[in-house]
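Undergrad: Quick one: this structure, given as structure tokens, is what I'll be asking you about.
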Amino acid sequence: MDLLEYQGKQLFKRRGVPVPEGRHAASVDEAVKAADEVGYPCVVKAQVQIGGRGKAGGIKLAQDRDEAREHAEAILGMDIRGLTVHELWIEEASEIASEYYASVVFDRSAKAPLLMLSTKGGMDIEEVADSDPEAIARLHVDPLLGFQDFHGRRLAFQAGVDADVVRPVGAMLAQLYEAFEAEEATLVEVNPLIVTPGSGGEAGGRQVKALDAKVTLDENALFRHAENAELRDLSKEDPQERMAKERGLTYVKLDGDIGILGNGAGLVMSTLDVVAEAGGSPANFLDAGGGSKAEAITSAVEVILSNQKVKAVLFNIFGGITRCDEVARGLIEAFAQVNPQVPFVVRLDGTNDEEGRRLLAEADLPNVYAESTMDGAAAKVVELAAAGAPV
Ligand code: GDP
Ligand code: MN
């Protein structure tokens, strides 16, 4: 799950990572009020899940209230590479002496978190990685030992950060690692991490701050982080996938028009392949799981049919723990409740398959076709979907 910049910054703040003061706004009036509270000069920043907002005109400096209003009006509703801006973050302006880059990312191949630091921040880091890979210092952290102070010093030294900020940069890396670990993120990225000019002398030393925040959280760990789970943008999730999640079903929406239900992830995957091989295009992956009860089948049918593109449905059940008679009862129940308008092809094989087929035959459901092989079932469902409208 990707967070917006302001959500990432609020998470940083909780974890002690220095960030500028800011306020969230979803309208021009809210933005002006927020700017008044933050004080001038301030920065009006578009909140969309894409980088390069600065270049696209989504980040503007406001010297006073009139400018804050003007920028908020211009940025709200703006299209940034296909994303419409609905939210703003109003932040106190920062003075910038240098722009660095820092990140913690989970490196799966090394089975460890990877820290990266560069003094070439602010710009597109992928470009730096291409043109000047040496400019990015890298270090893996042993996940069992965690972050040690020397990690910060070594990286800062390797990256060549200014001597007077080695200590605060190291401290920020420690805090970013802490945030990464404690919040169960897979990515924490700060670009730019800025160094302020400072006002000289001991007390006026230069400071470091996270001026941007990109955080990706591990969705599978969200149940351990109630606070973060609330940040989920439900409006952006696919309605079918959300419905399936709420019902505890393993469902992935695809582009096609043939609804699929099977039991066991492997069987469902191969069903998708067989349908594609037969010239069809699956509308979803749905694993009803082992031991699927009638109720679960009804629930799954509702999810599959809530996708308006579905023209035909294939049930591919191999009964092991799952009993075919239970699946048949579920289907009969589903027909009674939702009255499907599209044809179903059902292949039941394995435990209690004869009983299941007998139940289906007795129920004499309209528009349900029993098949005994997977290939036969795939060919039939592709034919029915191609025929289109309900028979
Ligand atoms: P991105 O373009 O989407 O990555 O957005 P960033 O938050 O990284 O901002 C892009 C650039 O805008 C930064 O690299 C800064 O140069 C500039 N910027 C953002 N906030 C401020 C600020 O408070 N003061 C100044 N002077 N520049 C800022
Ligand atoms: Mn940035």
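The values are calculated or read from the model by the stated rules, or taken from the named source; none is laboratory data. What you see is a predicted model; the values in this text were computed from it and never measured. Neighbour counts are summed over all protein chains in view; Cβ atoms, including those assigned to glycine, are modelled from backbone coordinates with ideal geometry. We work out accessible area using only protein heavy atoms, side chains counted, and drop any ligands, DNA or RNA first. Shrake-Rupley method; radii C 1.70, N 1.55, O 1.52, S 1.80 Å.
Undergrad: Calculate one ³J(HN,Hα) per residue across segment 38-55 by plugging θ = phi - 60° into the Karplus curve 6.51 cos²θ - 1.76 cosθ + 1.60, and present them in order as whole Hz with x for glycine and proline.
TA: Each residue of segment 38-55 in turn: 6, x, 10, x, 9, 10, 9, 10, 5, 9, 9, 7, 7, x, x, 5, x, 4 Hz.
Undergrad: From the Cα gyration tensor of segment 331-390, with a ≥ b ≥ c the square roots of its eigenvalues, which class applies: rounded if a/c is under 1.5, or else prolate if a/b is larger than b/c, or else oblate?
TA: Oblate, because a/c is 1.5 or more while a/b does not exceed b/c.
Undergrad: For segment 1-138, with all protein chains present and a 1.4 Å probe, just round the carbon and sulfur fraction of the accessible area to a whole percent.
TA: 46 percent
Undergrad: Still on this structure: Using a 1.4 angstrom probe with every protein chain in place, what is the largest-first accessible-area order of Y40, Y6?
TA: Largest accessible area first, the list is Y40, Y6.
Undergrad: Using 0.36 nm times the number of residues separating A336 and E70, minus their current alpha carbon distance, what extension gain do you get? Don't jump to the answer; show the numbers that get you there.
TA: On the way: separation 266, 0.36 × 266 = 95.76 nm, distance 5.78 nm.
Stretched out fully, the A336 to E70 stretch lengthens by 90.0 nm.
Undergrad: Longer than 24 Å from Cα to Cα, which of K60/K214; K214/K309; K45/K253; K13/K214; K13/K245 are they? Say none if no pair is.
TA: Violating the 24 Å limit, Cα to Cα: K214/K309; K45/K253; K13/K245.
Undergrad: Now, a different point. Could you work out the relative contact order of the chain? I mean the mean sequence separation of Cα pairs under 8 Å and 6+ apart, divided by the number of residues, in percent.
TA: Over the chain, the number comes to 12 percent.
Undergrad: Using θ = phi - 60° and the Karplus form 6.51 cos²θ - 1.76 cosθ + 1.60, what ³J(HN,Hα) does each residue of segment 326-334 get, whole Hz, x for Gly and Pro?
TA: 5, 5, 4, 4, x, 5, 4, 4, 4
Undergrad: Quick one: check the C-alpha center-to-center distance for segment 182-259 versus segment 279-355, whole angstrom.
TA: If you average the Cα positions of each part, the centres end up 35 Å apart.
Undergrad: Give the shape of segment 263-391 as rounded, prolate or oblate, defined through the alpha-carbon gyration tensor: a ≥ b ≥ c are the square roots of its eigenvalues, a/c under 1.5 means rounded, and otherwise the shape is prolate if a/b is larger than b/c and oblate if not.
TA: Details: a/c = 1.38, a/b = 1.16, b/c = 1.19.
Rounded is the answer for segment 263-391, as its axis ratio a/c remains below 1.5.
Undergrad: Please list, ordered by chain and number, the residues whose modelled amide H lies under 5 Å from the amide H of G121; skip anything fewer than 5 residues away on the same chain.
TA: E99, Y100, Y101
Undergrad: Please calculate how many Å² of accessible area segment 156-279 carries per residue, with a 1.4 Å probe and no DNA, RNA or ligand atoms counted.
TA: That works out to 50 Å² per residue.
Undergrad: Gaussian network model of the chain, Cα springs within a sub-10 Å range: biggest mean-square fluctuation belongs to which of L61, L348, L145?
TA: Taking springs between Cα atoms under 10 Å, the residue moving most is L145.
Undergrad: Per DSSP H run of at least 4 residues, take -39500 (n - 2.57); add these up for the chain, divide by its residues and hand me the 222 nm value, nearest 500 deg cm²/dmol.
TA: After summing the helix terms and dividing by the residues of the chain, the value is -11000 deg cm²/dmol.
Undergrad: May I pose another question? Can you tell me the 0 to 90 degree angle between the C-alpha axis of helix 65-75 and the longest principal axis of the chain, rounded to 10?
TA: 30 degrees
Undergrad: Same structure, new question: Leaving out ligands and nucleic acids, note down the accessible area per residue over segment 1-98 with a 1.4 angstrom probe, in whole Å².
TA: Working: 4650 Å² over 98 residues.
About 47 Å² of surface per residue is accessible.
Undergrad: While we're here: Please list 3J(HN,Hα) in residue order for segment 88-101, calculated via the Karplus relation 6.51 cos²θ - 1.76 cosθ + 1.60 where θ = phi - 60°; whole Hz, with x for glycine and proline.
TA: 10, 10, 9, 9, 4, 5, 10, 8, 10, 9, 9, 10, 9, 10
Undergrad: Calculate how many DSSP beta bridges within the chain are antiparallel, expressed in % of all such bridges and rounded to the nearest 5.
TA: 70 percent
Undergrad: Another question, if that's okay. Report, to the nearest whole %, how much of the accessible area of segment 144-287 belongs to carbon and sulfur atoms, 1.4 Å probe, protein only.
TA: Here carbon and sulfur together make up 51 percent of the probe-accessible area.
Undergrad: Let me ask you something else. Ignoring ligands, DNA and RNA, what percent of the 1.4 Å accessible area of segment 292-391 is carbon and sulfur?
TA: 51 percent
Undergrad: For the peptides 170-176, 277-283, what is the packing order when you average, over each peptide's residues, the other Cβ atoms within 10 Å and list the highest mean first?
TA: Per-residue mean Cβ counts within 10 Å order the peptides as 170-176, 277-283.
Undergrad: Beyond 31 Å, what share of the Cα-Cα pairs of the chain is found? Please give it as a whole percent.
TA: Result for the distance tail: 53 percent.
Undergrad: Using the heavy atoms of the protein chains alone and a 1.4 angstrom probe, what is the accessible area of segment 281-391 per residue in square angstrom?
TA: With the other protein chains kept in place, segment 281-391 gives 43 Å² per residue.
Undergrad: For segment 53-96, build the charge dipole from Cβ charges (+1 Lys, Arg; -1 Asp, Glu) around the Cα centre, then report which of I80, I90, I59 sits farthest towards its positive end.
TA: The Cα lying farthest towards the positive end belongs to I80.
Undergrad: With charges set only on the Cβ (+1 for Lys and Arg, -1 for Asp and Glu), what does the dipole of segment 7-93 come to about its Cα centre, in debye to the nearest 20?
TA: That gives a dipole near 580 debye.
Undergrad: Using Cα centres only, tell me the gap between segment 89-133 and segment 1-78 in whole Å.
TA: So the two Cα centres are separated by 21 Å.
Undergrad: Can you tell which of A72, A62, A363 shows the greatest fluctuation in a Gaussian network model of the chain with Cα springs below 10 Å?
TA: A363
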